[in-house]
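Trainee: Take a look at the following structure, please.
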Amino acid sequence: MKEDPQVKLEKIYNEQQIMESSINLLQQRIEVVQVYITNYRSGLLVLEEIEKREEGEEMLMNVGGSIFVQAKLVDPNKVIRGIGNGVRIEQNIADAKAAIIEAVSSLEKQYEALTQEYQRLIAYASNLNAQFQQLAAEIQDAKLPSKEE
């Protein structure tokens with residue numbers, strides 16, 4: 001038995017709504033990962049700048065939002081790094097840089113996987129839209145009186 005075109009159209013419409021929601025959520029996740037990558041890369045640049053400095057040397061430190069403070073380096077070889085849930089550890093710059101590089105690499109892999117999934121969902125949503133358009137046109141044509149009548 002063939003499915004009623006109107007019921008099929010409603011199913012496709014509902015699936016389109018779910019896809020749209022999924023795509024929006026995935027897009028938000030992609031943006032969050034991008035922010036983390038940017039943040040880590042910025043931190044890495046600061047560490048590389050600190051590596052070039054000597055103890056007691058003054059430098060401008062970017063605290064975010066294009067705001068800088070004058071800072072004096074007490075021990076440029078040691079940094080405090082947050083590892084989550086408010087926990088911080090002391091590390092030398094080389095270890096902190098290695099951890100940041102590893103985090104960026106992991107985030108980039110996550111970003112790549114998310115963007116691939118995003119592209120897959122976009123293609124699927126496009127296919128659903130084509131099905132919807134075709135079925136809606138068929139239903140519309142079926143409802144129009146024929147010219148022979």
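The values are calculated or read from the model by the stated rules, or taken from the named source; none is laboratory data. Small disclaimer: the values here were computed from a predicted structure and weren't measured. In this analysis, Cβ positions are derived from the backbone assuming ideal geometry, glycine residues included, and neighbour counts consider all displayed protein chains.
Trainee: Out of I23, I30, I50, I37, which single residue is part of a helix (DSSP H, G or I), of a type outside the set (D, E), touching a Pro at 6+ places or on another chain (Cβ under 9 Å) and farther than 30 Å from A142 by Cβ? Step through it out loud before you land on a result.
Mentor: On the way: I23 fails: touching a Pro at 6+ places or on another chain (Cβ under 9 Å); I30 fails: touching a Pro at 6+ places or on another chain (Cβ under 9 Å); I37 fails: touching a Pro at 6+ places or on another chain (Cβ under 9 Å).
Among I23, I30, I50, I37, only I50 is part of a helix (DSSP H, G or I), of a type outside the set (D, E), touching a Pro at 6+ places or on another chain (Cβ under 9 Å) and farther than 30 Å from A142 by Cβ.
Trainee: I'd like the full set of residues that are polar (S, T, N, Q) and either touching a helix residue (DSSP H, G or I) at 6+ places or on another chain (Cβ under 8 Å) or on the phi > 0 side of the Ramachandran plot (or both), limited to the range 13-34.
Mentor: Filtering the range 13-34 for residues polar (S, T, N, Q) gives 14, 16-17, 21-22, 24, 27-28, 34.
Hits for the range 13-34 are Q16, S22, Q27, Q34.
Trainee: Would you check which residues across the range 60-73 are in a strand (DSSP E or B) and over 33 Å from the mean Cα position of the chain (by Cα) and list them?
Mentor: Our first condition is that a residue be in a strand (DSSP E or B); within the range 60-73, this holds for 60-64, 67-72.
Across the range 60-73, the qualifying residues are Q70, A71, K72.
Trainee: Looking at (1) surrounded by 11 or more Cβ atoms within 10 Å (Cβ to Cβ); (2) part of a strand (DSSP E or B); (3) modelled with pLDDT under 90, find the lone condition where I89 falls short.
Mentor: (3)
Trainee: Could you tell me which residue of the range 46-86 is surrounded by the most Cβ atoms within 10 Å (Cβ to Cβ), considering only residues that are over 24 Å from Y36 (Cα atoms) and acidic (D, E)?
Mentor: First, the residues of the range 46-86 that are over 24 Å from Y36 (Cα atoms): 52-59, 70-77.
Then keep just the ones that are acidic (D, E); that gives 54-55, 57-58, 75.
Details: E54: 7, E55: 10, E57: 12, E58: 10, D75: 10.
Within the range 46-86, the match that is surrounded by the most Cβ atoms within 10 Å (Cβ to Cβ) is E57.
Trainee: Continuing with this model, one more query. Give the range 100-136 a look and list any residue that's of a type in the set (S, T, Y) and touching a residue at least 40 places away in the same chain (Cβ under 8 Å), or say none.
Mentor: The first filter runs over the range 100-136 and keeps only residues of a type in the set (S, T, Y), leaving 105-106, 111, 115, 118, 124, 126.
Answer for the range 100-136, where residues must be of a type in the set (S, T, Y) and touching a residue at least 40 places away in the same chain (Cβ under 8 Å): Y111, T115, Y118, Y124.
Trainee: Of the residues R29, R53, which single one is touching a residue at least 12 places away in the same chain (Cβ under 8 Å), closer than 30 Å to A71 by Cα and of a type in the set (K, R)?
Mentor: On the way: R29 fails: closer than 30 Å to A71 by Cα.
Being touching a residue at least 12 places away in the same chain (Cβ under 8 Å), closer than 30 Å to A71 by Cα and of a type in the set (K, R) holds for just one of R29, R53, which is R53.
Trainee: Okay, moving on. Which residue pairs have Cβ atoms closer than 7 Å, lie 6 or more positions apart in sequence or on different chains, and pair a first residue in the range 137-149 that is surrounded by 10 or more Cβ atoms within 10 Å (Cβ to Cβ) and modelled with pLDDT of 75 or more with a second residue that is part of a helix (DSSP H, G or I) and not charged (D, E, K, R)?
Mentor: Cβ pairs passing all conditions: E138/P5; I139/P5; I139/Q6; I139/L9.
Trainee: Separate question: Could you check P76 against (1) part of a loop (DSSP other than H, G, I, E, B); (2) over 22 Å from A98 (Cβ atoms) and say which number it fails?
Mentor: The one condition P76 does not meet is (2).
Trainee: Quick one: is I83 under 30 Å from A142 (Cα atoms) and under 21 Å from the mean Cα position of the chain (by Cα)?
Mentor: Values: under 30 Å from A142 (Cα atoms): no; under 21 Å from the mean Cα position of the chain (by Cα): yes.
No: the conditions fail for I83.
Trainee: Which residues, counting only those in the range 43-76, are in contact with a Phe, Trp or Tyr (Cβ under 8 Å, 6 or more places away or on another chain) and closer than 20 Å to Q91 by Cα? Outline the logic, then answer.
Mentor: Taking the range 43-76 and keeping what is in contact with a Phe, Trp or Tyr (Cβ under 8 Å, 6 or more places away or on another chain), we get 60-62.
Matches in the range 43-76: M61 only.
Trainee: Can you tell me how many residues within the range 86-99 are more than 21 Å from L73 (Cα to Cα) and touching a residue at least 12 places away in the same chain (Cβ under 8 Å)?
Mentor: Number satisfying all stated conditions: 1.
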